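Notes follow the structure.
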4 protein chains.
Amino acid sequence: MSKKEVYYKDYLQLDKILGAQELESEKAGVEAHDEMLFIVIHQAYELWFKQVLYELDSIIALLSKPEINDNDQTLQIVVHRSRRIIEILRLLVDQINVMETMSSLDFLDFRDLLRPASGFQSIQWKELEAKLGLLYENRHGKEYYVSQLCPMDVDHVKDVEKKTNLLDLLNVWLERMPYFEHPEAWADGAKAKPEDHPFWAEYREKYTGGLLDIEQGNADLFDKTVFGKGEDDKRRLSAKACRSALFIYLYRGFPLLHLPYELMVSLVEIDELMASWRMRHVNMVFRMIGARVGTGNSTGHGYLKGAMDKHYIFNELTQLNGLLVPRRDLPELPKELEKLLGFRG
Amino acid sequence: MSKKEVYYKDYLQLDKILGAQELESEKAGVEAHDEMLFIVIHQAYELWFKQVLYELDSIIALLSKPEINDNDQTLQIVVHRSRRIIEILRLLVDQINVMETMSSLDFLDFRDLLRPASGFQSIQWKELEAKLGLLYENRHGKEYYVSQLCPMDVDHVKDVEKKTNLLDLLNVWLERMPYFEHPEAWADGAKAKPEDHPFWAEYREKYTGGLLDIEQGNADLFDKTVFGKGEDDKRRLSAKACRSALFIYLYRGFPLLHLPYELMVSLVEIDELMASWRMRHVNMVFRMIGARVGTGNSTGHGYLKGAMDKHYIFNELTQLNGLLVPRRDLPELPKELEKLLGFRG
Amino acid sequence: MSKKEVYYKDYLQLDKILGAQELESEKAGVEAHDEMLFIVIHQAYELWFKQVLYELDSIIALLSKPEINDNDQTLQIVVHRSRRIIEILRLLVDQINVMETMSSLDFLDFRDLLRPASGFQSIQWKELEAKLGLLYENRHGKEYYVSQLCPMDVDHVKDVEKKTNLLDLLNVWLERMPYFEHPEAWADGAKAKPEDHPFWAEYREKYTGGLLDIEQGNADLFDKTVFGKGEDDKRRLSAKACRSALFIYLYRGFPLLHLPYELMVSLVEIDELMASWRMRHVNMVFRMIGARVGTGNSTGHGYLKGAMDKHYIFNELTQLNGLLVPRRDLPELPKELEKLLGFRG
Amino acid sequence: MSKKEVYYKDYLQLDKILGAQELESEKAGVEAHDEMLFIVIHQAYELWFKQVLYELDSIIALLSKPEINDNDQTLQIVVHRSRRIIEILRLLVDQINVMETMSSLDFLDFRDLLRPASGFQSIQWKELEAKLGLLYENRHGKEYYVSQLCPMDVDHVKDVEKKTNLLDLLNVWLERMPYFEHPEAWADGAKAKPEDHPFWAEYREKYTGGLLDIEQGNADLFDKTVFGKGEDDKRRLSAKACRSALFIYLYRGFPLLHLPYELMVSLVEIDELMASWRMRHVNMVFRMIGARVGTGNSTGHGYLKGAMDKHYIFNELTQLNGLLVPRRDLPELPKELEKLLGFRG
C-alpha cells in the first residue's frame, strides 16, 4: 500500500470546510456578528446528519439481507451503529445550548437577509425521518412541506420515502423470527398456527386476563382484524411482528435474544432523542422569534409542535411494554426451545 | 469561633442519607435488583428539588423587598442563583439517562409493590411550579391532583399557591421600572402618561406598523382592554410590565439594564428546562409502562403530556421577542436617559 | 401480596433525606447561603456512590461464581450494570458544573467552620476504588490517607482492600476462558501448552514481528518472566489473562465473545470516567482554594493530582490495544473453534 | 435591501460541507466503515474551532481598544462571547463520547492509510492556545511541534504567537484599573504609590499576616522582586494586575466590578474546559492505540499528557483565590470609592 503522505488539513479538506462561511450580512454591509455562529452551527448539524444517515444506510443494508445469520456479526454491527447514532443525537440535543447563546435581538441583526431560507429546509433531517420509517401521509403539514422546498429537494425526499425504511425492515425481521415455527422448538411443534400455541394461550389466559391489549384492553395480538393491516389500519407492525417483539422483550435473557432486544431498545431511544431534539428546537425557535413567522414564512413554532407529537416512529414497540408480565410469572419455555436460544456450549 | 471538629460523614449526616433505602421487594421476599436505583434516583431528585427551592426562596425574598437598590448586590445575587438553578435543572434532565437504564421488565419486578405511590406525588416539584408562578386554575388535571395526594400535602401546596410567586414579583418589579416616569429621563419628562410618550409612539408607528402585537397582530401593548387584566384575562404580566420588559430586551446594552436582561433570560431558560424535564419524563414513563396506568392509578403519560403543554410559566416574556426590531433601527434614547442607565464613571 | 398502601414520601423516607441538612454557619450565627449547596451536592454524590457500590457488589458477586454459564444471563447482567455505572459516572462528572457555581469567596463564608472535614474523607469513594481493584500499596499518599480518617473508617477501607476486587476477578475470569484448552477447538487440540499453539505462533511471527510487546517492544505475552507476577511485578493481569483479553478484542465478532468484549470496554470506560471525575475535582478544588491547604489540612490539590495519575485500574487492558492487528490480517480460526463460539442455530 | 432569495443549502454551502469526505480506505480498496466518522468528527471539531477563534478574535479586538468605556457594551459583549466559547467547549468535550464509539480495531482498518497525518496537526487548536496566551517557550514538546507541521503551518502559528494575546491584554486591562489611583476614590487620595495605600496595608497586616502570599506564603503582591517580571520571571500577570484582580474578586458585589469579575471567571472556565478536552483526548488516544506511536509517529499519549499539565494559561488568576478573606472580614471601602463603583442612580 505505498502511497502519498497524508497531511491533516488536506485529508480533512479544511479549505472547503473552513471556507464555506459567507455572511449575507457582510455582503449587505450590515454588522451582524452572530451570523457566523448561525452558519457554523447549521453546518455542524448537517455534517452530523450526514454521519447519522451514513450509519443508518449501513444498518438498512445489513437488515435488508434476505437472511440474517445469527453467527455472523450482522446484529452486533447493527446495534453498535445504532448506539453510535444515539451518541450523536445526544450531542445534537446538547448542541442547542450553543445556539441559545444567540439572542433574539442578535438574530434580528441578519434575520431578514436570510428569507426565505429556514432550518425547515434541511433535506437530510427529512431523509433521516423517512429512512427511519416516517411516511409522507403521516407527516405533519405535508402540503406546507412541499411548498417550502425546491422541486428537486421534494423529489429527492419523495424518492427516499418510497424506498425501504427501517421500520418496515424491522417488521419483516420480526415476522421472520423462527421461534414459533421451528419444529424442534416446541414439544407439540406440529401445530399449524402459532396463535394456537399453548404458550400464547397460557400467556393470554393466565397473565393478561384473556386479552393482549395494546391500547384499550380490547384488542388481541392475534386478532387479525386489529393487526391485519387493513385499509384503515395505520399500524406499521403486524400482529406477528408484535408477538415476536413481545417475546424478545420477555425472554431477552437468552443469548440469542440479547442483541434483538438491544436493537429494539436502541430504536426506541433514537425516537426519543429525535423527539427531544424537536422539542428543544421548538422552544429555541419560540424564544428566537416570539410568535412571529419564521424566515421561511413558516409559523415555525406551530409546525414544529405538530411534528413533535406526530413524528414518533417506533412507538408501537414502546406500547408493547404495556403487555409485559413480571419475570417471575413468565411461562417457562420448552427445553428444546431454550436450547435453540443458547450457545452450542 | 472555637468549636468541635467536624467530620465528613457526621457533617453530611450520612447515616440518615445512606440509611434511607428500604426495599419493598425485600420486605415482600421478592427479588428486584433495580428497586434500589428507583429509590436512590428519586431521593437524588428530591435532594436537588430542595436545593432549587432553597435558591428560589432566597430569590423571592430578595425580589420582595419594597425597593431594589441598583447599587447593592440584589440583582447580581438573583441572577447568580437563577443560573445555579439552571445548572441544577440541566443535571436533572440528564439524570433521566440513568433512570432509562431500568427497563420496563426490570420495573415490573417491584412495580405492584409500590401502589399507589407515584412520582406524581412529589410535593416539592409542585411547590416549585407554584413558587415560580403556576396557579391552581392553570394546572392540568387539577381534580386528579387533589385526589392523588394526602390532604396534608394538598393543603401544603394550596398554601404555597396562595403565597407570593416569582411571576407576580416579576410583574411588580417590571412595573416599577422607573425609566419612563423619571423626570430627568426625557426631554419632555412632564408627560403624564407613559403610553403617550414619543418613544413608544415612534416605536409603534415607525417599526411595528402602529401595533405592538403580541399574538395576532391586532393587540397593542397600550391597549388596556387587552392587557388590562380584566376578569377573563389570563395574562399575568400587565401591559406596563410588558413595556418595561420590551425596553429591557431592546436596550440591554446599557449597564443598568444588563442584569435585568440576564434575569429575564434566566427565567425563560428555567421554564424551558422544566419543560424538557417534563418531556423526557413523559417519554420515560411511556417507555416504562407502555399504555398502562401508572402506579398511582394515573394514566401517567396522559397527565404528563397535558402538563407539558400547559405548565409554561414565563412564556409571556418569550412572546415579547416577536415585538423586537433590529438594533440598527432602534430609536436613540434621550441623552439624559442614557446617563441614568450608566455608571457614574 | 396484600399490603399497606405505599405513599411516595414515606417510601422514599423524605423526612430523613430532606431533614439531614444542618448548616454549621447557622449554628455559628454566620450568614453563608452556599453552605446548603455544599451539603446537598455532597449528599447527592454519596447517594450515587451508594448506588454505584450496590451495582458493583452485584457484579462482583456474579463474577465470583465458580463457573459462569454462557447460557444464563450472568454476563448480560454484568454488562448492563456496568453500563449503568457508566451513566451514573457521566452524571457525577457533570455534577461538578453545579459545584462550580459556588465561588471561592462564597466558600470562604463557611469554610473555616468545617475544619478538618474534607471531601477526601469520603469512604465510599475509597471503597469504590478498592472494590474495582486499587490496592493500598498503589494508592497515592497512603500515609496521608490513614492520618486523615477516623480509625473505624481506616479499618473499613482496609477490610475492603483485602476482599475480592473486580480486577482480580477479571484476571481469574480471563484465565479461565476455555478457548485454547478446549479439545474440540483446534485441529491439533492435543497440544499441551497453549503458548505453543500455532495460532499464537502465527500471530506473533507474521503480524507482530515475533514479539507481542506490551510496553517497549521487548516483552512477550508468553514470557513468564515478564507476565509471571514475580515478586517485583506490579502487573495485575497474568500473561494468560492478557492472551484471552487480546483474543476477545480480536475476535469479538463471534457471538460468544460479544459480551466479554462489551465488559472489557465498559471497565475501561469506568476507569476513564473516574479519571475525568478526579481531574474535574482537582480543577474545582484549585479554583476554590487557590494554592491553600484544604479544610482537612490537605494540600488537596497536590493529593488529587497524584491520585489522578496513579489510580487507573484497568489500564493493562487498554495497553493491549497496542497489540492488535487489522481485522483483514487476522488468522482465520479453525472451523471447530468457530462453531464453539457461535449459536447452536 | 432588495436581494435574491436565499435557499438553505446554498446559504450553508452544503455542497462543499457534505462533499468534503473522501475516504482513503475507499481509494485503497479497503473496507473501513469508521473512516467516515473519523473524518466527520474532525471536521466538526475544526468547524467549531473556527467559531471559537472567531469569538476570540472579536474579544481580543474589543479588549485592544486603548480605553474601555464602562458605559458602552464592551465588557458585556466580551463576557457574553466568552460564555459562548464555554458552551462550545462543553460540547467539544462531550463530542469525544462520539469518537469513543470507534474502537481500536475499527481504527486499525484504516489507520495506516493516514500516516503521517495526526490530530496533532490541527493548526486552529494551536492558534487558539496561542491567542489565549500560550507562548512558544511554554509549549510542551516544542521541537516536536515544529518537526510535525509543514513549514507554512509552523510559520503561521509562530506569527500568531507574536501577536497580542488575551493573557497579555488581561494584564494590561487589569493594570489600568483606575480604582487605586483615582483621586476621588480615597480620602487620602494624594498618596503617590498605591502599594502604600492604607487599604492594602490593612489587608496585608490584618488578614494575611503581613504577606499576600501567592505560592508558599513568602511572597508579597507588592514585592517587585517577585512580581516584577524580571528576566527569569515566568509569571505573566504583574503584581499590579494581580492587585486589581484580587480587588475585583473581593469587591465584585459593586456594579462596576460585576462584569470584570464575570470575565475572569469565564477565562478560568475556558482554561479548565480546554484541560478537560486535553485529558479526555489523552485517554481516548491511549484507548485507541495502546502504547503505540500515533499516526504522525508521535507518541501521542506522552505528548498529550505533557501538554495537559503545562498548557494552563490563566492559572495565575486561579492562584489568587488563595489570598481571599471572608466577605465579613473585608475592609470597608471609602464612601467616595463606593460611589465610583456604582450607578449614577
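Grab the residue from chain A whose Cβ hugs the A-to-B rotation axis most tightly, plus its distance in whole angstrom.
A:279, 3
Measuring from a point 7 Å past the Cα of residue B:328 along Cα-to-C-beta, which residues in segment A:12-30 have an amide N at less than 12 Å?
Under 12 Å, as judged by backbone N against the label point of residue B:328, lie A:24-30 of segment A:12-30.
Arrange the following residues from fewest to most other Cβ atoms within 10 Å of their Cβ: A:316, B:127.
Listed from fewest to most nearby Cβ atoms, that is A:316, B:127.
Apply 1/(1 + (r/R0)^6) to the Cβ-Cβ distance of residue A:15 and residue D:142, taking R0 = 30 Å, and write down the FRET efficiency to the nearest 0.05.
0.65
For B:238, C:118, what ranking results if the residue with the fewest other Cβ atoms within 10 Å of its Cβ goes first? Write down the numbers at each step before the final one.
Details: B:238 18, C:118 21.
Ascending number of Cβ neighbours within 10 Å: B:238, C:118.
Run the simple label-point estimate for residue B:310 and residue C:202 please: 7 Å along Cα→C-beta, distance reported in nm.
7.0 nm
In segment A:62-188, with Lys and Arg counted as +1 and Asp and Glu as -1 at Cβ, which of these residues, A:132, A:74, A:157, has the Cα nearest the positive end of the dipole, that is, farthest along it?
After comparing all options, I get A:157.
How far is the Cα center of segment C:42-79 from the Cα center of segment C:254-277, in Å?
13 Å
Any idea what the dipole of segment D:33-73 comes to, in debye rounded to 20, about its Cα centre with Lys/Arg Cβ at +1 and Asp/Glu Cβ at -1?
The dipole of segment D:33-73 has a size of about 60 debye.
Among C:87, C:272, what is the fewest-to-most ranking by other Cβ atoms within 10 Å?
C:87, C:272
Readers should treat all values here as calculations from the given coordinates under stated rules, not as data from a laboratory. None of these values were measured; they are calculated from a predicted model. Cβ atoms come from the backbone with ideal geometry, glycine included; neighbour counts cover every protein chain shown.
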